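First the structure, in the form of structure tokens, and then the observations on it.
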Amino acid sequence: MGVLGRFGKYLPISEHTPCVNLEEGSTPLVRLGRIGEELGVELWAKLEGCNPSGSFKDRGMVLAVAKALEDGARALVCASTGNTSASAAAYAAHVGVPCYVLLPSGKVALGKLAQALIYGAKVISVDGSFDRALEMAREASAARGLAMVNSVNPYRIISQKTGAWEICESLGRAPDLHVIPVGNAGNISAYWAGYKDFKSWGRISSLPKMIGIQAEGAAPLATGRPCPNPETVATAIRIGNPVSAKTALEAVAESGGQFETVTDDEILSAQKMLASRAGVFAEPASCTTIAGLVKLSRAGKLPKGASVAVILTGSGLKDPDAAMSQAGRPAEIGSSMEELMEAMS
Ligand code: F0G
């Protein structure tokens, strides 16, 4: 029934809010038995790539767009490393308003670029970082009166809390550890707020430790140092100056969690591990979670038997180039059975 239908009574909507619905949310929470066993934990993965535009962004976008329409917005604007733009473009198309998206030139995965274009957004490629594109989008929003649908829009974060609510409903409790990639830092802030909601409503008795994972080349929160030139294979989280830094730091501190960094090599091997040992294909940014768990486990810092939820934020199909860089190649044969038998041996 979509996020507004399922959770509407807990969200700031009224009879004046248009009921936008692309059947987002209610994503699978899958037990990763083989990988969990290797790591010595009870491992659950929230497959946010199963959302309509293939990433978690749809959860927050649906409310941001509904409220923008309610407020009379005639067009949307966002900056993006790819997924926000795909989501904004999809919802803009669904409700029939124009959408402008600003992307850091040459740094957006192919699938995401294809999405923004085919959904019909006006796609503008900026010769600069995501952080600069975001500043420009904010100025354009103010100058032109466009609805800004980045996570600076509070409705995005409010509605992204539904991911935490769903996990608690599925497990009947909160996990011990919540492991999540961190870029602009909105999602970790939203999940922490969502868990705290469920606790204050008496629906769960304990809160998880929040473990935020950043790529080593784009780790302003993990290192506590600004990162003017972020670089990582996980282009979704190639961000040097996170908008929600303060709330993300609070989430980690209040929950007794931590930030961790992982290298590009660790991210790519985690992607392969997740695909080949769990049958789950997630984009590189999402795989920082598995890479982070492997790293913590090797350092002996993963509590045995803990229940762990990882948020796999986007589908692997979004970034075929990253996957092909390490996936191997098909065996090429002619059309004879002899060659087939040989190839299969
Ligand atoms: N994972 C994926 C697949 C993402 O696309 C993003 C952010 C994150 C994790 C990090 O989430 O920013 O809330 O900390 N993507 C944004 C975008 C920046 O423009 O699509 P965050």
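A few remarks follow.
- Residue satisfying all of: in the stretch 180-198; more than 16 Å from the ligand (Cβ to nearest atom) and touching a residue at least 24 places away in the same chain (Cβ under 8 Å); most open to solvent (accessible area, probe 1.4 Å) among these: Asp197
- Residue, nearest to the ligand (Cβ to nearest atom), within the stretch 251-279, restricted to residues that are in contact (Cβ under 8 Å) with a residue 60 or more places away in the chain and open to solvent by 60 Å² or more (accessible area, probe 1.4 Å): Glu254
- Number of residues in the stretch 67-85 that are more than 20 Å from Pro242 (Cβ to Cβ) and buried (at least 24 other Cβ atoms within 10 Å of the Cβ): the value is 3.
- Odd one out for Asn83, checked against (1) within 23 Å of Asn51 (Cα to Cα); (2) of a type outside the set (Asp, Glu); (3) without any contact (Cβ under 8 Å) to a residue 24 or more places away in the chain: (3)
- The residues of the stretch 224-237 that are open to solvent by less than 20 Å² (accessible area, probe 1.4 Å) and either away from the ligand (no atom under 16 Å from the Cβ) or over 17 Å from Ile311 (Cβ atoms) (or both), listed by number, are Pro230, Thr232.
- You will find that of Ser26, Ser87, the residue that is within 20 Å of the chain's Cα centre (by Cα), small (Gly, Ala, Ser) and closer than 17 Å to Leu317 by Cβ is Ser87 and no other.
- Residue match in the stretch 305-316 (condition: exposed (fewer than 15 other Cβ atoms within 10 Å of the Cβ) and in contact (Cβ under 8 Å) with a residue 60 or more places away in the chain): yes
- Taking the criterion of being assigned to a helix (DSSP H, G or I) and basic (Lys, Arg), the only residue of the stretch 230-246 that qualifies is Lys246.
- Cβ separations smaller than 6 Å between residues 6+ apart or across chains give no pair from the stretch 334-345 residues that are at positive phi to residues that are assigned to a helix (DSSP H, G or I) and exposed (fewer than 10 other Cβ atoms within 10 Å of the Cβ).
- When the stretch 40-49 is limited to residues that are more than 13 Å from the ligand (Cβ to nearest atom) and either open to solvent by less than 10 Å² (accessible area, probe 1.4 Å) or without any contact (Cβ under 8 Å) to a residue 24 or more places away in the chain (or both), the one that is nearest to Val280 (Cα to Cα) turns out to be Ala45.
- Only one entry in Tyr119, Tyr91 is open to solvent by 10 Å² or more (accessible area, probe 1.4 Å), under 30 Å from Leu274 (Cβ atoms) and at pLDDT 95 or above, namely Tyr119.
- Counting the residues of the stretch 145-167 that are assigned to a loop (DSSP other than H, G, I, E, B) and within 12 Å of the ligand (Cβ to nearest atom) gives 4.
- Residues (outside any loop (DSSP other than H, G, I, E, B), without any contact (Cβ under 8 Å) to a residue 60 or more places away in the chain and of a type in the set (D, E, K, R)) located in the stretch 127-144: Arg132, Glu135, Arg138, Glu139
- Enumeration of residues in the stretch 199-223 that are open to solvent by 10 Å² or more (accessible area, probe 1.4 Å) and either closer than 23 Å to Ser307 by Cβ or of a type in the set (Lys, Arg) (or both): Lys199, Ser200, Trp201, Gly202, Arg203, Ile204, Ser205, Ser206, Leu207, Lys209
The values are calculated or read from the model by the stated rules, or taken from the named source; none is laboratory data. Worth saying up front: this structure is predicted, and the values here are computed from it rather than measured. FYI the Cβ positions are ideal-geometry reconstructions off the backbone, even for glycines, and counts take in every protein chain you see. Accessible surface is based on the protein model in full, side chains and every heavy atom, while ligands, DNA and RNA are left aside. Shrake-Rupley method; radii C 1.70, N 1.55, O 1.52, S 1.80 Å.
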